[in-house]
Structures are given as C-alpha cells and as structure tokens.
Amino acid sequence: MHMIAALDLATGLLYYRIRTRKRWREFLSFLKTLRTRWPAEKLYVIMDNHSPRKHPRVRAWAAANNVELVFLPTYGSWLNWIESEFAVLRYYALNGTDHRTHDEQNAAIGAYVRRRNRRAQPKTSFAASSAIRSWTSYPAKAA
C-alpha cells in the first residue's frame, strides 16, 4: 500500500489517497485531484525524488496545468513540512497496532486524518522564534 498526501499550508488541511501501487499513474491522478481542488491557482508541489514523480508524462502534465514540481535534494526530506505530519500520523494511527487487513489500517489512517483536519490551522509561520532566523534573510512574520 502507498499513501500519497498533500498539505495545504494556507489551511493546514491534509489531503491523501491510498493506492496499491507506487507508479507515475497514481501520482498523476493525485495531482489531477489537487488541480481540481484549486483550479485557478498555481500549485507548488514539494516532494522527494521518488522516480515515478519524475516521469515525462507527469512533468508534461504539470507544465501544461500550472503545477510546479519542486524536488528536494536527496536526504533532504526534513525540508518538507509534510514529513512531520507523517511522523505524527505514524505515531497516532499506526504505532503499536496490529491491523488484520489493509482496509482496517486504511480506516485507522482515515479516522486520524479526519480528526486532525477538524483541528487544522494555517501553517503561516515557519519556526518564527528559531535562532536560524538570525542568520537568514527570511524576516520573522509579525503576529
């Protein structure tokens, strides 16, 4: 099983699909779902370098549909905000469980995401109080 997900920074909502395969077709289908959700905006999709995401058909569709694919460097997953969301999902929905079927596991993931999304808040400030702000050109966002 393969979970494909997107985090909307403007709302804090998590969108996901669970698929049985990890091919470019499943990824492209998910991108089309995102495009439908936000039809008029340019989408920036930040992701790792998993090879199906670089398929020529995925790249061509993205270029033709105002979707910019942003690939993180190898071993740079920590730069992607959604990775921390995956860690929390694993902790609350999967750790210490023994699901008998994929359907049970998928239901647990779905329940967690619905509960999480009810409490979602915009991701507007990245580490506002972090010391890293003192040596970067990114100004802290005023509250």
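Within the stretch 17-32, is there a residue that is acidic (Asp, Glu), over 30 Å from His102 (Cα atoms) and either assigned to a helix (DSSP H, G or I) or modelled with pLDDT under 95 (or both)?
no
Scanning the stretch 69-87 for residues that are open to solvent by less than 60 Å² (accessible area, probe 1.4 Å), in a helix (DSSP H, G or I) and of a type in the set (A, V, I, L, M) returns Ile82, Ala87.
When you scan the stretch 42-61, how many residues do you find that are free of Cβ contacts under 8 Å to residues at least 24 places away in the same chain and within 17 Å of the chain's Cα centre (by Cα)? Lay out the reasoning, then the answer.
Taking the stretch 42-61 and keeping what is free of Cβ contacts under 8 Å to residues at least 24 places away in the same chain, we get 51, 54, 56, 59-60.
Then keep just the ones that are within 17 Å of the chain's Cα centre (by Cα); that gives 51, 54.
Residues in the stretch 42-61 being free of Cβ contacts under 8 Å to residues at least 24 places away in the same chain and within 17 Å of the chain's Cα centre (by Cα): 2 in total.
Which members of the stretch 37-68 meet the condition of being open to solvent by 70 Å² or more (accessible area, probe 1.4 Å) and closer than 17 Å to Leu9 by Cα? Answer for the stretch 37-68, where residues must be open to solvent by 70 Å² or more (accessible area, probe 1.4 Å) and closer than 17 Å to Leu9 by Cα: Arg37, Pro39, Ala40, Glu41, Lys42, Tyr44, Ile46, Glu68.
All of Ala5, Ala64 fail the test of being touching a residue at least 40 places away in the same chain (Cβ under 8 Å) and out of contact with any Gly (no Cβ under 7 Å at 6 or more places or on another chain), apart from Ala5. For the stretch 94-120, filtered to residues that are surrounded by 11 or more Cβ atoms within 10 Å (Cβ to Cβ) and among the small types (Gly, Ala, Ser), the residue that is nearest to Leu14 (Cα to Cα) is Ala120.
The values are calculated or read from the model by the stated rules, or taken from the named source; none is laboratory data. Here the structure is a predicted model, which is why all the values come from computation and not from measurement. All Cβ positions, glycine included, derive from the backbone under ideal geometry; neighbour counts span all protein chains shown. Heads up: the accessible areas ignore ligands, DNA and RNA and are worked out on the full protein's heavy atoms, side chains in. Shrake-Rupley method; radii C 1.70, N 1.55, O 1.52, S 1.80 Å.
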